[in-house]
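Here the structure comes first, spelled out in structure tokens, and everything after it is commentary.
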Amino acid sequence: MKEMRFEYKISLAYLLIGGLWILFSDQILFYFTADSTLLTTFQTYKGWFYVLSTALLFYIFLKKHLSKLRSTELELEKHKNHLEELVLDKTRSLDAAISKLSTINEELQEKSTLIEQQNSELQRALQELKETQGQLLHADKMASLGIMTAGIAHEINNPLNYISGGITGLESYLSKEELDNEKIILFIDSIKTGIIRVGSIVSGLNQMSRNVETYDEKCDIHSIIENCLLILNSQIKNRIEIVKNYSELAPVTNGNVGQLYQAFSNILLNACQAIENRGTLTISTELYENNILVKVTDSGCGIPEENLSKITDPFFTTKEPGMGTGLGLSIAYNLIQAHNGKLSFESEVNKGTIVTVQLPVIPQQL
Amino acid sequence: MKPKILYVDDEPINLMLFEANLDRKYEVLTAVNGKKGLEIVASHPDIKVVFSDMKMPYMNGIDFIKEATKILKGSLFYILTGFEITGEIQDSLDSGLIRKYYGKPFNLHEISNEIEAVLCEL
């Protein structure tokens, strides 16, 4: 059963006691006495008694009720304090968790930077490995090529010497006979020209493939370029017009003749191969401060901008599989660098490419 | 009397042509290897100029010349080679063991002129 509210209870009790008192107090009084003076006195005491007893009752009821309220209030206060403490506690542990998280975050970030660093180191190592692999492959190729060309050169040079000696003998014999035949002179001259040309090709091949490790040879850049062109003649003949703008002084650099042959022949071969059908190859040399600038300009297909930074990467090639190893320019780049030089490229697709080689020259030249 | 010159080469055709081209001016002696060359040197100590191929059986041109200089004091020595210049040849040039080296195919006129010039010096 629902409990009655305190105000109803107290009003009801008051009504009940007051009503009963009014109804029955006089009758009780009349039961004890009939004297009117005494009755009047008792009436007064009865009033006082009623007031006092109701006040007492009020006091008891209110006190009981209020004490209940007060204890509830106290408990509430206690709860409130406890809640505050709880919240504080929770806040503190949350703060601790946050700071822990941020430490973990920092650590993670550190680890992430470390991983990034290691990653870039790995990439560098991979690049170096590729370069070394390319160099090894190239060195191996050049070593076997060197042995082979030296052998071939020796074997060609000897019979060439027979022809040379034979024609010299024939010439002096014919001159003694005074056979002043124009045609004989023409024949002899063409044989001699042939001997000189074969001789210079063999010598060029020999120089190109020689295996000297030192960098103290005097390298005549013009003659190296000329010899490279001679060897590349099959690529050039009837197809590419060669324009030469050489500096007046023949530039000489200290270095390794064989390596410079390889560098220039790779650069020139690439230029020739960039020209699909017919075109022009311009080679200019210019002395600038203590350097020689060699510019090789081709009218070929050009190099797209996105490839320009990659063309000296080992194994990078745009040629069909089997048509190129992608080592040529990478090797040229390394060899020019080994000579304290610089190799740079400018290109425009379908217009052509300019390769610039900068090499230090021996100062007394200037 | 014609001055004596010696040519050592393991290719007989080279020897034959050398001799045929120069025998009007000089007494040309030839040998097919260093050993034979040293035998000739021993029996002809008046040889003025010696030409030698580089790569030959038994001993190479420089080794032959080193031996030959022990007998031929004051003679001049040359290397004729089918290869490019090697470190060994360069050292011999630097030390004065040989006067010059010629690559094959060599120009016989050039060689003849050289002999003529150095014979005047001697």
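Brief remarks follow.
- Highest-MSF residue in chain A out of A:VAL202, A:VAL87, A:VAL296 [GNM, Cα springs under 10 Å]: A:VAL87
- Burial order of peptide ranges A:331-338, A:57-64 (average beta-carbon count within 10 Å, highest first): A:331-338, A:57-64
- Region A:212-366: Lys pairs at Cα distance under 24 angstrom, eight or more positions apart or on different chains: 18
- Straight-line reach from A:LYS192: taking Cα to Cα under 16 Å and skipping same-chain neighbours fewer than 8 places apart, the lysines in range are A:LYS183, B:LYS104.
- Average beta-carbon neighbours from other chains, 10 Å sphere, peptide A:165-173: 6
- Partners of B:LYS48 within straight-line reach, counting lysines whose Cα lies under 17 Å from its Cα and excluding those fewer than 8 residues away in the same chain: B:LYS2, B:LYS4, B:LYS25, B:LYS66, B:LYS70, B:LYS73, B:LYS100.
- Close amide H contacts of B:LEU80 (hydrogens built in the peptide plane, cut-off under 5 Å, sequence separation of 5 or more or a different chain): B:SER52, B:ASP53, B:MET54, B:TYR102.
- Backbone phi angles across region A:82-93, fed through the Karplus curve with coefficients 6.51, -1.76 and 1.60 (θ = phi - 60°), yield HN-Hα couplings of 4, 4, 4, 4, 4, 4, 4, 4, 4, 4, 4, 5 Hz in residue order; Gly and Pro are listed as x.
- Put simply, the protein assembly as shown fits an ellipsoid with semi-axes of 124, 26, 17 Å; these come from the alpha carbon gyration tensor as the roots of five times its eigenvalues, largest first.
- Interface area, A with B, accessible, probe 1.4 Å, both sides summed, Å² nearest 100: 1700
- Residue mean of other protein chain beta carbons inside 10 Å, B:99-107: 6
- Acute angle (nearest 10 degrees) that the helix A:328-338 long axis makes with the longest principal axis of chain A, alpha-carbon atoms: 90
- B:ILE98 long-range amide H proximity, modeled H, under 5 Å: B:LEU93
- The helix-based estimate of mean residue ellipticity at 222 nm for chain A, built from -39,500 (n - 2.57) per DSSP H run of four or more residues and divided by its residue count, is -24000 deg cm²/dmol to the nearest 500.
- Chain A - percent relative contact order, Cα under 8 Å, separation 6 or more: 12
- Using alpha-carbon coordinates, inclination of helix A:182-208 to the longest axis of chain A, degrees: 30
- Candidate aspartates and glutamates - alpha carbon under 18 Å from A:LYS111, same-chain residues fewer than 8 apart omitted: A:GLU121
- Counting only alpha carbon atoms, the long axis of helix A:6-32 and the longest principal axis of chain A meet at about 10°.
- Normalised contact order of chain B, rounded percent, pairs of Cα under 8 Å and 6 or more residues apart: 22
- Average partner coverage of B:14-22, which counts Cβ from other chains inside 10 Å: 5
The values are calculated or read from the model by the stated rules, or taken from the named source; none is laboratory data. Keep in mind that what you see is a predicted model, and the values were worked out from it rather than measured. Note that we place each Cβ from the backbone using ideal geometry, even for glycine, and neighbour counts take in every protein chain shown. Keep in mind that these areas ignore ligands, DNA and RNA; they rest on the heavy atoms of the full protein, side chains included. Shrake-Rupley method; radii C 1.70, N 1.55, O 1.52, S 1.80 Å.
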